[in-house]
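**Student:** Submitted below is the structure of interest, expressed as C-alpha coordinates.
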Amino acid sequence: MASPRPGPNLSKIATSLGVSVATVSNALSGKGRVSGQLVERIREHAAELGYVPSQAGRALRTGRSGVLGLVLPDIANPLFPKIAQAIEFAASAAGYGVLIADSRGDIAAQTEAIGRLVERGVDGMVIIPRRATRISSAACPVAVIDTPSTPGNTVAADHWQGGREIAAHLAGLGHRRILIIGNNQESNVQNDRAGGVRFGMRPNIDCETLWINRLEQDIGSGCPLGLAEKVGQGFTAFAALSDLQAVRALTELQQAGINVPTDVSVTGFDDLIWSSVVTPSLTTVRMDMDRIAEIAVSALVSTIRTSGSREGMLVTAEIERVAMQLIVRQSSGPANPALKTSEMENM
(Lines give C-alpha, C1' and ligand atoms only; values in the text may rest on other atoms or scores of the structure.)
Protein backbone atom coordinates (compact mmCIF):
# COMPACT_ATOMS: atom_id res chain seq x y z
CA MET A 1 0.00 0.00 0.00
CA ALA A 2 1.45 3.33 -1.07
CA SER A 3 2.03 5.92 1.63
CA PRO A 4 0.05 9.17 1.43
CA ARG A 5 1.62 11.86 -0.68
CA PRO A 6 3.32 14.42 1.58
CA GLY A 7 2.13 18.01 1.46
CA PRO A 8 4.33 20.80 0.14
CA ASN A 9 7.22 21.96 2.34
CA LEU A 10 8.64 25.44 2.75
CA SER A 11 11.21 24.82 0.00
CA LYS A 12 8.52 24.08 -2.59
CA ILE A 13 6.59 27.21 -1.65
CA ALA A 14 9.76 29.33 -1.79
CA THR A 15 10.79 27.95 -5.19
CA SER A 16 7.39 28.48 -6.76
CA LEU A 17 7.30 32.11 -5.58
CA GLY A 18 10.96 32.91 -6.21
CA VAL A 19 11.75 33.84 -2.61
CA SER A 20 13.97 32.33 0.09
CA VAL A 21 12.88 29.59 2.49
CA ALA A 22 13.62 31.99 5.37
CA THR A 23 11.21 34.53 3.90
CA VAL A 24 8.47 31.91 3.62
CA SER A 25 9.11 30.71 7.19
CA ASN A 26 8.98 34.26 8.57
CA ALA A 27 5.80 35.06 6.65
CA LEU A 28 3.99 31.96 7.91
CA SER A 29 5.16 32.36 11.51
CA GLY A 30 4.67 36.12 11.69
CA LYS A 31 8.34 36.76 12.44
CA GLY A 32 11.04 38.76 10.70
CA ARG A 33 10.73 41.70 8.33
CA VAL A 34 8.44 40.71 5.49
CA SER A 35 6.16 43.21 3.80
CA GLY A 36 2.46 42.82 4.40
CA GLN A 37 1.80 42.35 0.70
CA LEU A 38 4.36 39.53 0.43
CA VAL A 39 3.09 37.88 3.63
CA GLU A 40 -0.42 37.80 2.20
CA ARG A 41 0.86 36.41 -1.11
CA ILE A 42 2.89 33.67 0.58
CA ARG A 43 0.05 32.63 2.88
CA GLU A 44 -2.46 32.52 0.04
CA HIS A 45 -0.10 30.41 -2.07
CA ALA A 46 0.60 28.07 0.88
CA ALA A 47 -3.14 27.62 1.40
CA GLU A 48 -3.67 26.89 -2.31
CA LEU A 49 -0.97 24.19 -2.18
CA GLY A 50 -2.44 22.67 1.00
CA TYR A 51 0.57 23.43 3.20
CA VAL A 52 0.22 22.19 6.80
CA PRO A 53 2.85 23.40 9.32
CA SER A 54 4.96 20.65 10.87
CA GLN A 55 4.33 20.51 14.61
CA ALA A 56 7.67 18.77 15.11
CA GLY A 57 9.47 21.46 13.14
CA ARG A 58 7.74 24.20 15.07
CA ALA A 59 8.74 22.54 18.34
CA LEU A 60 12.38 22.45 17.25
CA ARG A 61 12.30 26.14 16.29
CA THR A 62 10.41 27.46 19.31
CA GLY A 63 11.24 24.93 22.02
CA ARG A 64 7.50 24.46 22.57
CA SER A 65 5.29 21.50 21.78
CA GLY A 66 2.08 23.37 21.03
CA VAL A 67 0.29 20.97 23.37
CA LEU A 68 -1.44 21.55 26.72
CA GLY A 69 -2.12 18.93 29.36
CA LEU A 70 -5.48 18.47 31.04
CA VAL A 71 -5.67 16.50 34.30
CA LEU A 72 -9.15 15.37 35.34
CA PRO A 73 -10.05 13.87 38.74
CA ASP A 74 -12.45 11.21 37.44
CA ILE A 75 -13.48 10.97 33.79
CA ALA A 76 -16.20 8.45 34.74
CA ASN A 77 -18.09 11.36 36.29
CA PRO A 78 -20.29 12.73 33.46
CA LEU A 79 -19.35 16.30 34.41
CA PHE A 80 -15.71 15.96 33.39
CA PRO A 81 -16.08 14.96 29.72
CA LYS A 82 -18.14 18.12 29.40
CA ILE A 83 -15.30 20.13 30.92
CA ALA A 84 -12.74 18.36 28.72
CA GLN A 85 -14.70 19.27 25.60
CA ALA A 86 -14.78 22.95 26.63
CA ILE A 87 -11.02 22.98 27.35
CA GLU A 88 -10.21 21.26 24.04
CA PHE A 89 -12.32 23.77 22.12
CA ALA A 90 -10.68 26.75 23.84
CA ALA A 91 -7.19 25.28 23.33
CA SER A 92 -7.85 24.58 19.66
CA ALA A 93 -9.00 28.17 19.15
CA ALA A 94 -5.67 29.28 20.66
CA GLY A 95 -3.71 26.97 18.34
CA TYR A 96 -2.96 24.21 20.87
CA GLY A 97 -3.65 20.51 21.07
CA VAL A 98 -4.64 18.80 24.32
CA LEU A 99 -3.45 15.62 26.06
CA ILE A 100 -5.86 14.32 28.72
CA ALA A 101 -4.92 12.36 31.84
CA ASP A 102 -7.36 10.87 34.35
CA SER A 103 -6.44 10.42 38.01
CA ARG A 104 -9.37 8.04 38.61
CA GLY A 105 -10.15 9.75 41.90
CA ASP A 106 -6.76 8.95 43.44
CA ILE A 107 -4.24 11.56 44.62
CA ALA A 108 -1.20 9.36 43.86
CA ALA A 109 -2.57 8.62 40.39
CA GLN A 110 -3.01 12.34 39.79
CA THR A 111 0.62 13.02 40.70
CA GLU A 112 1.64 10.28 38.26
CA ALA A 113 -0.61 11.75 35.57
CA ILE A 114 1.03 15.15 35.98
CA GLY A 115 4.45 13.51 35.64
CA ARG A 116 3.46 11.69 32.45
CA LEU A 117 2.27 14.91 30.84
CA VAL A 118 5.52 16.65 31.81
CA GLU A 119 7.44 13.81 30.14
CA ARG A 120 5.37 14.35 27.00
CA GLY A 121 6.66 17.93 26.90
CA VAL A 122 3.40 19.84 27.31
CA ASP A 123 3.81 23.61 27.37
CA GLY A 124 1.37 24.05 30.24
CA MET A 125 -1.42 22.28 32.12
CA VAL A 126 -4.99 22.78 33.20
CA ILE A 127 -5.60 20.84 36.41
CA ILE A 128 -8.89 20.12 38.12
CA PRO A 129 -7.32 19.01 41.38
CA ARG A 130 -7.97 16.38 43.95
CA ARG A 131 -7.38 17.49 47.51
CA ALA A 132 -3.63 17.70 48.34
CA THR A 133 -2.58 17.80 44.69
CA ARG A 134 1.12 18.76 44.34
CA ILE A 135 1.08 21.47 41.69
CA SER A 136 4.81 21.95 42.21
CA SER A 137 5.40 18.59 40.52
CA ALA A 138 4.30 20.12 37.21
CA ALA A 139 7.41 21.52 35.49
CA CYS A 140 5.38 24.04 33.52
CA PRO A 141 2.78 26.79 34.05
CA VAL A 142 -0.47 25.49 35.57
CA ALA A 143 -4.03 26.82 35.46
CA VAL A 144 -6.21 25.46 38.27
CA ILE A 145 -9.99 25.10 37.93
CA ASP A 146 -11.57 24.23 41.28
CA THR A 147 -13.38 26.84 43.34
CA PRO A 148 -12.54 30.47 44.25
CA SER A 149 -11.71 29.50 47.85
CA THR A 150 -8.96 27.09 46.71
CA PRO A 151 -5.49 28.66 47.16
CA GLY A 152 -3.89 29.32 43.76
CA ASN A 153 -7.15 28.84 41.86
CA THR A 154 -7.06 30.44 38.40
CA VAL A 155 -10.76 30.63 37.53
CA ALA A 156 -13.85 28.67 38.51
CA ALA A 157 -17.59 28.74 38.75
CA ASP A 158 -18.83 30.76 41.72
CA HIS A 159 -20.04 27.72 43.66
CA TRP A 160 -20.92 29.79 46.72
CA GLN A 161 -23.17 32.01 44.61
CA GLY A 162 -24.72 28.90 43.06
CA GLY A 163 -25.60 27.68 46.54
CA ARG A 164 -27.23 31.02 47.34
CA GLU A 165 -29.32 30.71 44.16
CA ILE A 166 -30.63 27.33 45.33
CA ALA A 167 -31.35 28.69 48.81
CA ALA A 168 -33.29 31.66 47.47
CA HIS A 169 -35.28 29.42 45.12
CA LEU A 170 -36.30 26.94 47.84
CA ALA A 171 -37.02 29.64 50.42
CA GLY A 172 -39.17 31.44 47.86
CA LEU A 173 -41.22 28.26 47.45
CA GLY A 174 -41.95 28.23 51.18
CA HIS A 175 -39.56 25.50 52.28
CA ARG A 176 -38.50 25.90 55.90
CA ARG A 177 -36.66 22.65 56.58
CA ILE A 178 -34.00 21.70 54.04
CA LEU A 179 -31.50 18.83 53.90
CA ILE A 180 -28.24 19.43 52.01
CA ILE A 181 -26.89 16.21 50.50
CA GLY A 182 -23.19 16.02 49.67
CA ASN A 183 -20.90 13.20 48.64
CA ASN A 184 -17.55 14.27 50.11
CA GLN A 185 -17.00 16.70 52.98
CA GLU A 186 -13.33 17.10 51.93
CA SER A 187 -14.27 18.59 48.54
CA ASN A 188 -13.64 22.34 48.35
CA VAL A 189 -16.30 22.62 45.65
CA GLN A 190 -18.98 20.83 47.67
CA ASN A 191 -18.12 22.75 50.83
CA ASP A 192 -18.47 26.05 48.97
CA ARG A 193 -21.79 24.95 47.50
CA ALA A 194 -23.07 23.87 50.91
CA GLY A 195 -21.81 27.10 52.47
CA GLY A 196 -23.65 29.12 49.87
CA VAL A 197 -26.89 27.25 50.55
CA ARG A 198 -26.59 27.77 54.30
CA PHE A 199 -25.63 31.43 53.90
CA GLY A 200 -28.60 32.07 51.63
CA MET A 201 -31.15 30.64 54.04
CA ARG A 202 -33.44 32.95 55.96
CA PRO A 203 -33.22 33.01 59.78
CA ASN A 204 -36.37 30.91 60.26
CA ILE A 205 -35.17 28.06 58.00
CA ASP A 206 -33.73 24.86 59.48
CA CYS A 207 -30.87 23.44 57.42
CA GLU A 208 -28.94 20.20 57.99
CA THR A 209 -26.22 18.45 55.95
CA LEU A 210 -25.92 14.76 55.10
CA TRP A 211 -22.53 13.55 53.85
CA ILE A 212 -23.01 10.32 51.88
CA ASN A 213 -19.41 9.09 52.23
CA ARG A 214 -19.68 9.23 56.03
CA LEU A 215 -22.94 7.28 55.96
CA GLU A 216 -21.49 4.67 53.61
CA GLN A 217 -18.45 4.20 55.85
CA ASP A 218 -20.80 3.11 58.62
CA ILE A 219 -23.46 1.21 56.66
CA GLY A 220 -21.90 0.27 53.31
CA SER A 221 -21.61 1.50 49.75
CA GLY A 222 -24.92 2.24 48.04
CA CYS A 223 -26.86 2.18 51.30
CA PRO A 224 -30.22 3.97 51.65
CA LEU A 225 -29.88 7.61 52.68
CA GLY A 226 -32.86 7.47 55.01
CA LEU A 227 -34.72 10.22 53.17
CA ALA A 228 -38.20 8.87 53.94
CA GLU A 229 -37.38 9.25 57.62
CA LYS A 230 -36.23 12.81 56.95
CA VAL A 231 -39.57 13.57 55.30
CA GLY A 232 -41.26 12.20 58.41
CA GLN A 233 -39.20 14.65 60.46
CA GLY A 234 -40.57 17.57 58.42
CA PHE A 235 -37.93 18.08 55.73
CA THR A 236 -39.62 19.35 52.58
CA ALA A 237 -36.62 19.99 50.32
CA PHE A 238 -33.41 18.11 49.48
CA ALA A 239 -30.62 20.27 48.07
CA ALA A 240 -28.04 17.90 46.57
CA LEU A 241 -24.57 19.29 45.82
CA SER A 242 -24.40 17.52 42.45
CA ASP A 243 -26.92 16.10 39.99
CA LEU A 244 -25.54 12.61 40.69
CA GLN A 245 -26.60 12.85 44.33
CA ALA A 246 -29.86 14.55 43.32
CA VAL A 247 -30.87 11.60 41.14
CA ARG A 248 -29.96 9.19 43.93
CA ALA A 249 -32.21 11.15 46.28
CA LEU A 250 -34.96 11.38 43.68
CA THR A 251 -34.89 7.61 43.12
CA GLU A 252 -34.98 6.78 46.82
CA LEU A 253 -37.89 9.13 47.47
CA GLN A 254 -39.91 7.78 44.56
CA GLN A 255 -39.28 4.18 45.64
CA ALA A 256 -40.64 5.13 49.07
CA GLY A 257 -43.85 6.43 47.46
CA ILE A 258 -42.97 10.08 48.09
CA ASN A 259 -43.96 12.31 45.18
CA VAL A 260 -41.55 14.89 43.81
CA PRO A 261 -42.37 17.80 43.71
CA THR A 262 -45.87 17.45 45.26
CA ASP A 263 -44.61 16.14 48.61
CA VAL A 264 -40.98 17.33 48.58
CA SER A 265 -38.57 19.15 46.29
CA VAL A 266 -35.16 18.00 45.02
CA THR A 267 -32.45 20.19 43.48
CA GLY A 268 -28.96 19.53 42.15
CA PHE A 269 -25.83 21.13 40.70
CA ASP A 270 -24.03 20.94 37.32
CA ASP A 271 -26.92 20.45 34.85
CA LEU A 272 -25.58 17.15 33.52
CA ILE A 273 -26.73 15.96 30.10
CA TRP A 274 -29.52 13.77 31.47
CA SER A 275 -30.80 16.23 34.10
CA SER A 276 -33.46 17.58 31.75
CA VAL A 277 -34.79 14.14 30.78
CA VAL A 278 -35.16 12.35 34.13
CA THR A 279 -38.67 12.28 35.59
CA PRO A 280 -39.34 14.79 36.97
CA SER A 281 -36.74 16.94 35.21
CA LEU A 282 -34.20 18.28 37.64
CA THR A 283 -33.95 21.82 38.97
CA THR A 284 -30.23 22.50 39.09
CA VAL A 285 -27.46 25.09 38.79
CA ARG A 286 -25.39 25.29 35.61
CA MET A 287 -21.72 26.21 35.22
CA ASP A 288 -20.68 28.26 32.19
CA MET A 289 -17.91 25.83 31.27
CA ASP A 290 -17.22 27.44 27.90
CA ARG A 291 -16.48 30.76 29.59
CA ILE A 292 -14.40 29.14 32.35
CA ALA A 293 -12.37 27.16 29.81
CA GLU A 294 -11.82 30.24 27.66
CA ILE A 295 -10.49 32.24 30.63
CA ALA A 296 -8.28 29.40 31.91
CA VAL A 297 -6.73 28.59 28.54
CA SER A 298 -6.26 32.24 27.61
CA ALA A 299 -4.44 32.96 30.89
CA LEU A 300 -2.34 29.81 30.52
CA VAL A 301 -1.32 30.52 26.92
CA SER A 302 -0.50 34.13 27.79
CA THR A 303 1.76 32.94 30.61
CA ILE A 304 3.48 30.39 28.36
CA ARG A 305 4.23 33.03 25.74
CA THR A 306 5.47 35.67 28.18
CA SER A 307 7.13 33.64 30.93
CA GLY A 308 8.22 30.41 29.27
CA SER A 309 8.11 27.09 31.12
CA ARG A 310 8.65 28.04 34.74
CA GLU A 311 8.21 25.02 36.99
CA GLY A 312 4.92 24.80 38.85
CA MET A 313 4.03 28.42 38.08
CA LEU A 314 0.39 29.05 39.04
CA VAL A 315 -1.44 31.07 36.43
CA THR A 316 -3.66 33.99 37.43
CA ALA A 317 -6.57 35.46 35.48
CA GLU A 318 -8.27 38.84 35.61
CA ILE A 319 -11.64 37.12 36.05
CA GLU A 320 -11.45 34.62 38.91
CA ARG A 321 -15.05 33.51 39.24
CA VAL A 322 -17.89 32.96 36.77
CA ALA A 323 -21.51 33.18 37.92
CA MET A 324 -23.66 30.05 37.93
CA GLN A 325 -27.17 29.97 36.46
CA LEU A 326 -30.24 28.55 38.20
CA ILE A 327 -32.22 26.25 35.90
CA VAL A 328 -35.74 25.72 37.27
CA ARG A 329 -37.45 22.52 36.13
CA GLN A 330 -40.08 20.14 37.49
CA SER A 331 -38.36 18.67 40.58
CA SER A 332 -38.94 21.73 42.76
CA GLY A 333 -42.29 23.14 43.80
CA PRO A 334 -44.13 24.81 46.67
CA ALA A 335 -43.69 23.27 50.10
CA ASN A 336 -46.36 20.72 50.99
CA PRO A 337 -48.86 22.62 53.19
CA ALA A 338 -49.33 19.66 55.55
CA LEU A 339 -45.60 19.20 56.07
CA LYS A 340 -45.12 22.95 56.41
CA THR A 341 -47.80 23.21 59.10
CA SER A 342 -46.30 20.31 61.07
CA GLU A 343 -42.86 21.88 60.79
CA MET A 344 -43.95 25.34 61.91
CA GLU A 345 -45.63 23.85 64.99
CA ASN A 346 -42.27 22.43 66.05
CA MET A 347 -40.33 25.68 65.62
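The values are calculated or read from the model by the stated rules, or taken from the named source; none is laboratory data. Computed from a prediction, not measured in an experiment: that's the story for all the values here. Every residue, glycine among them, receives a Cβ derived from its backbone with ideal geometry; neighbour counts consider all protein chains shown. For the accessible areas, the whole protein counts, side chains as well, though only heavy atoms, and no ligand, DNA or RNA atoms are used. Shrake-Rupley method; radii C 1.70, N 1.55, O 1.52, S 1.80 Å.
**Student:** What is the calculated FRET efficiency for residue 48 to residue 318, with r their C-beta to C-beta distance and R₀ = 51 Å, to the nearest 0.05?
**Tutor:** E(calc), rounded to 0.05, equals 0.80.
**Student:** So what's the angle, to the nearest 10 degrees on a 0 to 90 scale, between helix 289-307 and the longest Cα principal axis of the chain?
**Tutor:** 40 degrees
**Student:** Let me ask something else. Using a 1.4 angstrom probe on heavy atoms only, work out the carbon and sulfur share of the accessible area of the chain in %.
**Tutor:** 50 percent
**Student:** Taking only Cα atoms and a 10 Å spring cutoff, compute GNM fluctuations for the chain and point out the largest among 40, 112, 186.
**Tutor:** Result for the chain, Cα springs under 10 Å: 40 fluctuates most.
**Student:** All other residues with a Cβ under 11 Å from the Cβ of residue 166 taken together, and with Lys, Arg as +1 and Asp, Glu as -1, what is their net charge?
**Tutor:** Residues near residue 166 contribute +2 overall.
**Student:** What spacing in nm lies between the two simple spin-label points modelled at residue 186 and residue 89, each 7 Å away from Cα in the Cβ direction?
**Tutor:** Here the modelled spin labels are 3.4 nm apart.
**Student:** Now for a different question. Kindly state, to the nearest 0.05, the FRET efficiency for residue 74 paired with residue 217, given R0 = 25 Å and r defined as their beta-carbon distance.
**Tutor:** My answer for the efficiency is 0.85.
**Student:** Working only with C-alpha atoms, what are the Rg and Dmax values of the chain, expressed in angstrom?
**Tutor:** 25.9, 91
**Student:** Right, something else. Starting from the Cα of residue 202, step 7 Å along the direction of its Cβ; do the same at residue 22; then give the gap between the two resulting points in nm.
**Tutor:** About 7.7 nm, to one decimal.
**Student:** Dipole size in debye (nearest 20) for the chain around its Cα centre, Lys and Arg Cβ +1, Asp and Glu Cβ -1?
**Tutor:** 1260 debye
**Student:** Sticking with this one: Go through 276, 247, 289 and say which Cα lies farthest out towards the positive end of the charge dipole of region 244-317; charges sit on Cβ, +1 for Lys and Arg, -1 for Asp and Glu.
**Tutor:** 289
**Student:** Here's another thing I want to ask about it. For the chain, set up a Gaussian network in which alpha carbons nearer than 10 Å are linked by springs, and say which option among 76, 109, 27 fluctuates the most.
**Tutor:** 27
**Student:** Something else about it: Send over a whole-number figure in Å² for the accessible area per residue of the chain, probe 1.4 Å.
**Tutor:** Each residue of the chain exposes 49 Å² on average to a 1.4 Å probe.
**Student:** Oh, and also: Give the value in nm², to one decimal: projected area of the alpha carbon convex hull of region 91-183, averaged over all directions.
**Tutor:** Its average projected convex-hull area is 8.1 nm².
**Student:** Please give the solvent-accessible surface of residue 45 in Å², to the nearest 10, using a probe radius of 1.4 Å with every protein chain present.
**Tutor:** Taking all protein chains as shown, residue 45 has close to 40 Å².
**Student:** Averaged over every viewing direction, what's the projected area of the C-alpha convex hull for region 231-310? Give it in nm², one decimal, please.
**Tutor:** Projected over every direction and averaged, the Cα hull of region 231-310 covers 7.4 nm².
**Student:** Which angle between 0 and 90 degrees, to the nearest 10, do you get for helix 36-49 versus the longest principal axis of the chain when only C-alpha atoms count?
**Tutor:** Long axis of 36-49 versus the principal axis of the chain: about 80 degrees.
**Student:** Compute the angle between helix 188-200 and the longest alpha-carbon principal axis of the chain, please, reported from 0 to 90 degrees and rounded to the nearest 10.
**Tutor:** Result, in degrees: 50.
**Student:** For the full complex of protein chains and a 1.4 angstrom probe, list 160, 274 by accessible area with the highest value first.
**Tutor:** 160, 274
**Student:** Something else now. Please report the relative contact order for the chain, taking Cα pairs under 8 Å with a sequence separation of at least 6, and give it as a percent rounded to a whole number.
**Tutor:** That works out to 18 percent.
**Student:** Could you work out the local net charge near residue 37, counting Lys and Arg as +1, Asp and Glu as -1, over the other residues with Cβ closer than 12 Å to its Cβ?
**Tutor:** Residues near residue 37 contribute 0 overall.
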